[in-house]
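The values are calculated or read from the model by the stated rules, or taken from the named source; none is laboratory data. This is a predicted model, so every value here is computed, not measured. Every residue, glycine as well, gets a Cβ built from its backbone with ideal geometry; the counts of neighbours run over all protein chains shown.
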Amino acid sequence: MKIHKKSQKEFALAVILWNQKLGGEVEAVSPKIRITDNTAMNLYNMHRMTETKPSFGTIKLKLENGEQYNVVTFFTGYGASTSPDGYTGHYGKNIIGISEKVIALFLPYKMKSREYEETLAKIAARIVLDVSMITERVENLAKIIEKSQLIKKPNELYQYLEKYIDSTLGLSAAEASIAKSNEVKALHYLIQDKKEEIKELTINPAKTAYVSDQKKIAQATEQKQNIQKLIEQVTDLSMQKSLIEMKESEKEMRIEELKADYVKIFGTLTEQIQLLESEINGITESTQGLVNDLNNALADKISQIQNLKEEIKTLKTQQN
């Protein structure tokens with residue numbers, strides 16, 4: 001009798017809360033996937049250890065059952081009752097909806113999680129409307145995503161949700177207005193994150209390149225070390241040459257040997273330097289391309305915020 005292995009879920013939507021005794025804990029997840037307490041803690045601590053205000057994050061995860069996901073997360077910000085250092089004076093001022101929640105969208109492993117940040121902002125804005133309806137909203141939103149069959153097409157999924165999310169969830173005009181406002185706030189924080197990233201790329205591209213592509217930098221560093229060793233060899237040979245005291249014929253022979261060594265060493269040096277320059281040029285081009293992509297994404301997000309603000313005005317007018 002053959003035992004068929006259960007196929008991995010194509011996606012999952014989860015909410016992680018902070019339990020003062022247990023730490024990160026799954027509050028709701030749909031479709032059902034097994035998120036251990038340790039994984040929940042890791043997802044929450046991505047934000048808890050670094051941010052007090054709302055923020056986005058991405059991480060690649062391999063669950064204990066072997067399933068692999070690319071995950072995009074959103075943290076709603078610290079409330080006034082809890083803070084990472086025990087003091088509450090600076091917390092609770094920048095929250096979206098319900099404080100201290102991490103909303104996580106588990107994506108197919110090969111998908112680029114950053115392409116789903118705006119979509120997650122839209123989803124999270126509806127989840128945090130009412131604390132008593134979090135589980136129900138997560139389940140309903142998962143059904144909407146599943147019905148769309150667009151999880152692997154981030155742009156199309158965003159447009160689909162833009163069109164159907166509020167009506168399918170049955171939101172009132174007032175709820176839809178609050179949801180849009182939550183979404184705008186989330187996108188503002190996303191833009192702040194992108195601006196900081198662009199600033200870091202501009203000020204310190206080498207550091208950013210190191211973070212984004214450690215392998216290339218490691219190879220370049222190794223090549224630099226090889227060059228340094230070769231330079232040291234040249235220095236040693238020069239010192240040896242000046243200290244040699246021997247017969248004229250022996251001197252001539254030794255000089256010829258040194259010349260041959262120099263030719264070999266400097267030939268290798270030239271080759272290594274060319275390789276290093278090629279690697280650095282590649283990193284520079286890659287970094288510049290990333291800067292351009294981020295600038296374009298920033299412009300798109302600003303445009304989206306303007307559109308959302310107009311929609312909020314329209315919704316408020318309808319309410320009145």
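Tabulated data for the structure shown
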read-out: Residue in the stretch 293-305 that is of a type in the set (Gly, Ala, Ser), surrounded by fewer than 16 Cβ atoms within 10 Å (Cβ to Cβ) and at pLDDT 75 or above present; value: yes
read-out: Matching residues, the stretch 111-136, being within 22 Å of Ala173 (Cα to Cα) and outside any helix (DSSP H, G or I); value: Val128, Leu129, Asp130
read-out: Unique residue being part of a helix (DSSP H, G or I), touching a Ser or Thr at 6+ places or on another chain (Cβ under 7 Å), surrounded by fewer than 18 Cβ atoms within 10 Å (Cβ to Cβ) and modelled with pLDDT of 85 or more when the list is Glu146, Glu139; value: Glu139
read-out: Test set (1) modelled with pLDDT under 90; (2) over 20 Å from Glu118 (Cα atoms); (3) buried (at least 19 other Cβ atoms within 10 Å of the Cβ); (4) not charged (D, E, K, R) - Thr50 fails condition number; value: (3)
read-out: In the stretch 18-39, the residues that are crowded, with 18+ Cβ neighbours inside 10 Å and farther than 19 Å from Ala142 by Cα; value: Trp18, Gly24, Thr39
read-out: Qualifying residues in the stretch 134-162 (those that are among the hydrophobic types (A, V, I, L, M, F, W, C) and within 20 Å of Gln304 (Cα to Cα)) - the one nearest to the chain's Cα centre (by Cα); value: Leu157
